[in-house]
Amino acid sequence: MPGILDGIRVFDLSIAAVGPWASKLLGELGADVIKVESPGGELSHVIPPPIKGTAVLYISANFNKRNIVLDLKEEGDRAIALKLVEKSDVFVQNMRPGAVERLGLGYDVVSQLNPRLVYVSASAYGRTGAMAKEAGIDPTVQAFGGWCSITGAPGSQGEMFRHLAHLDITTSTMIVEAVLQALLARERSGKGQHIEIDMISAAMSLQTSRLAEYFATGEQPQPMGSAAATTVPHQAFVCEDQEYLAVGVVSEDQWPRFCRAIGQETLCDDPRFATNPKRVENRSALVALLEDHFKTKPTRWWSLRLTQAGVPNTRVERTVNFQTLRADPQVTRNQHIVDLETPHWGTLSVDGLPWKFEKNPAGPIRPGGLQGEQTEEVLREFGIAAETPERNGRDKRLES
Amino acid sequence: MPGALDGFTIIDFTQGLCGPFASMRLADAGAEVIKIEPLGGDTARTMGPPFIQDESAVFLSLNRNKKSVALDVTTQDGRKIARQLIDRADVVLEDFGPGRAEKLGLGYADLSQTHETLVYCAISAFGEEGPLRDQPGAELVVQAMADYTHSLGKIGEAPVRLGTDVASLNTGIMASQAITAGLFHRVRKGEGQRVTVSMLGTLLHMRGIMWTSMTDPDEWYGFHLDHYTRPPDEGYKTKDGHVYFGLRRGSSEDWDRLMLTLGLTDYITDPRFQGFGREATSIGRYAPEVKPIWERAFQQLTNAEVVKLVHEFHGDAVPFNDYPTLCAHPQVAELDILKDVDHPAGESFRTIGPVWNLADTPAEIKSPPPTLGQHTDEVLSGLGMNATDLQRLRTARVIS
């Protein structure tokens with residue numbers, strides 16, 4: 001069965017992570033994604049680390065696409081771009097506000113040419129206001145967006161997430177939501193539309209449940225280490241073997257099962273801990289008690305008992321073991337991380353598909369090309385002769 | 001103006017954070033969401049304090065624009081009513097856990113017998129296959145299993161989680177995509193299907209760049225790789241807070257002026273600062289090593305002064321915001337993301353609004369989060385039940 005977005009073409013003018021990851025997901029859903037780069041190449045080529053000379057970010061954010069190079073500052077290439085856009089369904093760009101308009105590919109221009117076009121403008125800080133023209137990358141959005149203020153050891157300032165792509169890709173996934181909504185609406189209206197989204201709003205939306213605490217109390221939620229603010233117990237406990245066990249009692253039926261599993265039946269009947277709100281109110285008393293108790297047996301002991309009782313738990317691995325993780329049966333059986341054969345970079349471990357459609361499966365995941373690798377192929381499809389010496393000279397992949 | 005999902009009805013059995021975040025996004029986009037709660041209510045109603053007029057702030061933040069029907073689907077009558085509602089709806093969203101919907105007679109195979117075009121989305125904690133398929137999940141447990149705790153905190157000390165509920169909320173976004181994609185396919189091709197997402201799968205997808213980085217990188221520095229070895233990153237300390245900054249443009253004179261202003265002329269020729277500080281800031285190779293040098297210079301400057309200085313040098317800089325400074329920031333006002341919503345008990349509460357701006361089919365907040373069972377009678381009357389029927393069901397503890 002073809003993918004859900006079979007027959008949908010995406011003109012992808014986006015750079016770095018936010019836009020590219022969104023159009024990659026559209027590609028994995030079956031769309032024909034044409035990634036358009038300038039001869040100089042997009043931003044991600046210089047971000048470390050590389051694999052066999054190509055930036056991992058570039059590899060990773062560009063599966064299921066065909067890569068072409070157009071010099072949009074040249075009249076001829078701009079005309080080619082417009083031809084492609086005329087036959088596209090979706091247009092994705094995340095340049096700074098004003099930049100795409102200067103290239104003559106703003107929404108006002110291209111929607112005249114193709115009224116069915118769903119056009120995405122993604123920005124860091126929005127398209128109006130004093131910060132609109134500032135560049136935003138994941139760490140600046142982490143810092144500005146309040147995200148760090150609730151994460152860290154108790155009593156700390158709050159810290160960054162040292163995997164610097166989460167808020168980028170969160171924004172990407174929200175772009176995909178909006179594009180799908182607009183494609184669905186288009187089935188009814190026959191018309192495309194302009195979608196705007198920004199990374200700060202995306203970061204705040206992702207923090208909805210934590211910002212709710214602030215709005216309710218007027219007070220900043222503090223970093224709490226591994227602990228959850230509104231469910232208790234829901235944190236890591238150090239065990240006899242000096243390893244940590246993450247435990248989460250997240251529904252009322254789990255509480256008595258938890259108490260029995262750890263051999264503390266009397267806690268079930270303790271009115272201080274009878275409901276989650278009570279446990280949150282009496283957090284320090286309960287946690288002190290549990291901290292002492294968990295120290296009496298090794299992680300494995302507790303884990304077996306809690307697992308048997310159906311209480312969420314896992315050992316927090318302290319030493320990194322990527323090889324173990326990617327070979328973990330839970331990961332491999334569900335294809336959460338998969339191996340991908342590529343012509344340029346060998347076999348890579350890559351992110352699996354986030355959804356499993358039973359009739360129209362997404363994927364298969366295909367590696368994208370090098371910069372401009374499919375220029376000729378794509379232009380030929382559009383009936384454009386690509387074999388000018390000038391063009392071939394420009395298609396050389398970025399040396400860096 | 002109608003929303004993109006106007007006219008579609010979703011029967012939502014989910015509780016907690018993940019599923020309700022998904023269905024709220026679809027409701028914002030115009031779908032009618034009928035939230036089926038057990039008679040004791042969604043577990044999120046017990047998350048807290050904080051509570052606002054007896055309702056959990058977390059619950060309120062995730063359930064606007066929905067109707068609540070309190071219905072015990074484990075009873076024969078309850079199941080029958082659920083099926084009647086589903087037969088008239090377009091989408092089912094559930095998080096019962098693999099295999100459990102089938103046991104309740106609410107599995108896709110059963111439902112699609114009478115409703116061929118149903119779009120059915122199931123959310124699980126770890127995926128529907130594998131040794132952990134039957135285990136319940138919790139935010140911290142999934143974060144730890146997906147390796148997130150390794151990009152936070154200090155080596156050898158207690159684990160730290162992301163304060164944001166990413167396992168739940170990022171997965172909610174994937175579910176929202178999956179459902180809209182399923183509806184798009186149904187509108188185009190006339191067929192429904194089952195689609196699944198999982199919390200572990202989502203978090204591992206979000207970290208895909210990491211898995212690829214670790215496969216076989218050309219060199220072992222770069223921001224995606226050293227999260228395991230670096231200390232917590234709190235940004236750059238200034239006189240009155242912390243900032244994040246990056247230098248990557250600017251001219252030679254700008255650079256000299258900046259270093260002179262900061263009293264760092266000794267470092268102008270330091271190879272770690274070459275390229276106008278590009279490798280000495282932000283995600284640069286030497287950034288962690290030279291951080292104390294920048295911080296010495298920032299001691300006498302406020303956040304605002306550092307930001308201004310870096311901007312003059314055409315770099316990017318932002319202050320670290322906590323929630324109060326974020327929500328009071330003029331740029332956030334530009335984004336129009338903070339919304340005041342009516343509280344079911346009267347006064348309004350503040351929350352995060354829809355994140356996308358779809359020009360022709362805008363998302364909207366139309367109704368407050370429901371009290372438990374607020375719409376039971378209204379919705380069941382729509383199935384042709386009269387007061388006597390409702391009384392009988394209420395007495396039999398099927399509804400409330």
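Looking at the structure I just gave you, is A:M204 in contact with a Ser or Thr (Cβ under 8 Å, 6 or more places away or on another chain) and surrounded by 24 or more Cβ atoms within 10 Å (Cβ to Cβ)? Give the steps one after another, and end with the answer.
Numbers: in contact with a Ser or Thr (Cβ under 8 Å, 6 or more places away or on another chain): no; surrounded by 24 or more Cβ atoms within 10 Å (Cβ to Cβ): yes.
Taking the combined requirement at face value, the residue does not satisfy it.
Got a number for residues in the range A:60-81 being within 17 Å of A:S111 (Cβ to Cβ) and touching a Gly at 6+ places or on another chain (Cβ under 8 Å)?
Taking the range A:60-81 first, the residues within 17 Å of A:S111 (Cβ to Cβ) are A:78, A:81.
Narrowing further to those that are touching a Gly at 6+ places or on another chain (Cβ under 8 Å): A:78.
Of the residues in the range A:60-81, 1 are within 17 Å of A:S111 (Cβ to Cβ) and touching a Gly at 6+ places or on another chain (Cβ under 8 Å).
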Residues in the range A:169-208 that are in contact (Cβ under 8 Å) with a residue 12 or more places away in the chain and out of contact with any Phe, Trp or Tyr (no Cβ under 7 Å at 6 or more places or on another chain): how many? 18
Just to check your reading of the model, which residue among A:E281, A:E265 is surrounded by fewer than 21 Cβ atoms within 10 Å (Cβ to Cβ), farther than 30 Å from B:A328 by Cβ, assigned by TED's automatic domain parsing to the domain that holds A:A309 and not aromatic (F, W, Y)? A:E265
Hey, A:T307 hits all of (1) in a loop (DSSP other than H, G, I, E, B); (2) surrounded by fewer than 19 Cβ atoms within 10 Å (Cβ to Cβ) but one; which does it fall short on? (1)
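Within the range A:343-378, work out how many residues are hydroxyl-bearing (S, T, Y) and more than 10 Å from chain B (Cβ to nearest Cβ).
As a first pass, look at the range A:343-378 and keep what is hydroxyl-bearing (S, T, Y): A:347, A:349, A:375.
Subset that is more than 10 Å from chain B (Cβ to nearest Cβ): A:375.
Adding up the residues that qualify gives 1.
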Inside the range B:46-63, can you point out the residues that are within 18 Å of the chain's Cα centre (by Cα) and of a type outside the set (S, T, Y)? B:M47, B:A57, B:V58, B:F59, B:L60, B:L62, B:N63
Please go through (1) more than 8 Å from chain B (Cβ to nearest Cβ); (2) at pLDDT 95 or above for A:T151 and return the number of the only condition it doesn't satisfy. (1)
Boolean, B:I173 is β-branched (V, I, T), more than 7 Å from chain A (Cβ to nearest Cβ) and farther than 24 Å from A:D253 by Cα: no
Of everything in the range A:48-67 that's surrounded by 24 or more Cβ atoms within 10 Å (Cβ to Cβ) and facing chain B (nearest Cβ under 7 Å), which residue is farthest from A:A22 (Cα to Cα)? A:V56
In the range A:23-41, which residue that is surrounded by fewer than 23 Cβ atoms within 10 Å (Cβ to Cβ) and free of Cβ contacts under 8 Å to residues at least 40 places away in the same chain is farthest from A:L340 (Cα to Cα)? A:S38
Which one of these is more than 7 Å from chain A (Cβ to nearest Cβ) and in contact with a strand residue (DSSP E or B) (Cβ under 9 Å, 6 or more places away or on another chain): B:I155, B:I123? B:I123
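Right, B:E128: touching a residue at least 24 places away in the same chain (Cβ under 8 Å) and either at negative phi or in a strand (DSSP E or B) (or both) or not?
Working: touching a residue at least 24 places away in the same chain (Cβ under 8 Å): yes; either at negative phi or in a strand (DSSP E or B) (or both): yes.
For B:E128, the condition - touching a residue at least 24 places away in the same chain (Cβ under 8 Å) and either at negative phi or in a strand (DSSP E or B) (or both) - is met.
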Given the conditions (1) under 25 Å from A:I150 (Cβ atoms); (2) in contact (Cβ under 8 Å) with a residue 40 or more places away in the chain; (3) not basic (K, R), every one holds for B:Q300 apart from (1)
Considering (1) in the same structural domain as A:S121 (by TED's automatic domain parsing); (2) within 27 Å of B:A125 (Cβ to Cβ), say which one A:G192 fails and leave the rest. (2)
Of everything in the range B:300-328 that's in contact with a strand residue (DSSP E or B) (Cβ under 9 Å, 6 or more places away or on another chain) and under 21 Å from A:E219 (Cα atoms), which residue is surrounded by the fewest Cβ atoms within 10 Å (Cβ to Cβ)? B:T325
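Within the range A:239-253, how many residues turn out to be at the interface with chain B (Cβ under 7 Å from one of its Cβ atoms) and either closer than 16 Å to A:L286 by Cα or touching a residue at least 24 places away in the same chain (Cβ under 8 Å) (or both)? Outline the logic, then answer.
So the first thing to find is which residues in the range A:239-253 are at the interface with chain B (Cβ under 7 Å from one of its Cβ atoms), and the list is A:244, A:246, A:248, A:250-252.
Restricting the remaining residues to those that are either closer than 16 Å to A:L286 by Cα or touching a residue at least 24 places away in the same chain (Cβ under 8 Å) (or both) gives A:244, A:246, A:248, A:250, A:252.
Here the count works out to 5.
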Exclusive hit being under 17 Å from B:T212 (Cα atoms), modelled with pLDDT under 95 and hydroxyl-bearing (S, T, Y), set A:T347, A:T332, A:T324: A:T324
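Each row is one residue, and each column tells you yes or no for (1) assigned to a loop (DSSP other than H, G, I, E, B); (2) of a type in the set (A, V, I, L, M, F, W, C); (3) under 30 Å from B:E37 (Cβ atoms); (4) in contact with a Leu (Cβ under 8 Å, 6 or more places away or on another chain).
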| position | (1), (2), (3), (4) |
| --- | --- |
| B:D254 | no, no, no, no |
| B:T269 | yes, no, no, no |
| B:S282 | yes, no, no, yes |
| B:I293 | no, yes, no, yes |
| B:L301 | yes, yes, no, yes |
| B:E305 | no, no, no, no |
| B:Q331 | no, no, no, no |
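For (1) more than 14 Å from every other protein chain (Cβ to nearest Cβ); (2) within 22 Å of the chain's Cα centre (by Cα), each residue gets a yes or a no:
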residue	(1), (2)
B:C327	no, yes
B:G353	no, yes
B:D360	no, no
B:S367	yes, yes
B:P370	yes, yes
Within the range B:50-101, work out how many residues are of a type in the set (D, E, K, R), buried (at least 24 other Cβ atoms within 10 Å of the Cβ) and out of contact with any Lys or Arg (no Cβ under 9 Å at 6 or more places or on another chain). 1
The correct count of residues that are under 16 Å from B:S367 (Cβ atoms) and in contact (Cβ under 8 Å) with a residue 40 or more places away in the chain in the range B:1-29 is 14
Just for the range B:265-282: of the residues that are aromatic (F, W, Y) and within 39 Å of the chain's Cα centre (by Cα), which one is nearest to the other protein chains (Cβ to nearest Cβ)? B:F276
Take the residues in the range B:47-89 that are among the β-branched types (V, I, T) and touching a residue at least 60 places away in the same chain (Cβ under 8 Å); name whichever of them is farthest from B:G353 (Cα to Cα). B:T75
Filtering the range A:194-227 down to residues that are more than 7 Å from chain B (Cβ to nearest Cβ) and among the aliphatic types (A, V, I, L, M) yields A:M199, A:A203, A:M224, A:A227
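The values are calculated or read from the model by the stated rules, or taken from the named source; none is laboratory data. Model, not experiment: these values are computed from the prediction. Glycine gets a Cβ as well: all are built from the backbone with ideal geometry, and neighbour counts include every protein chain shown.
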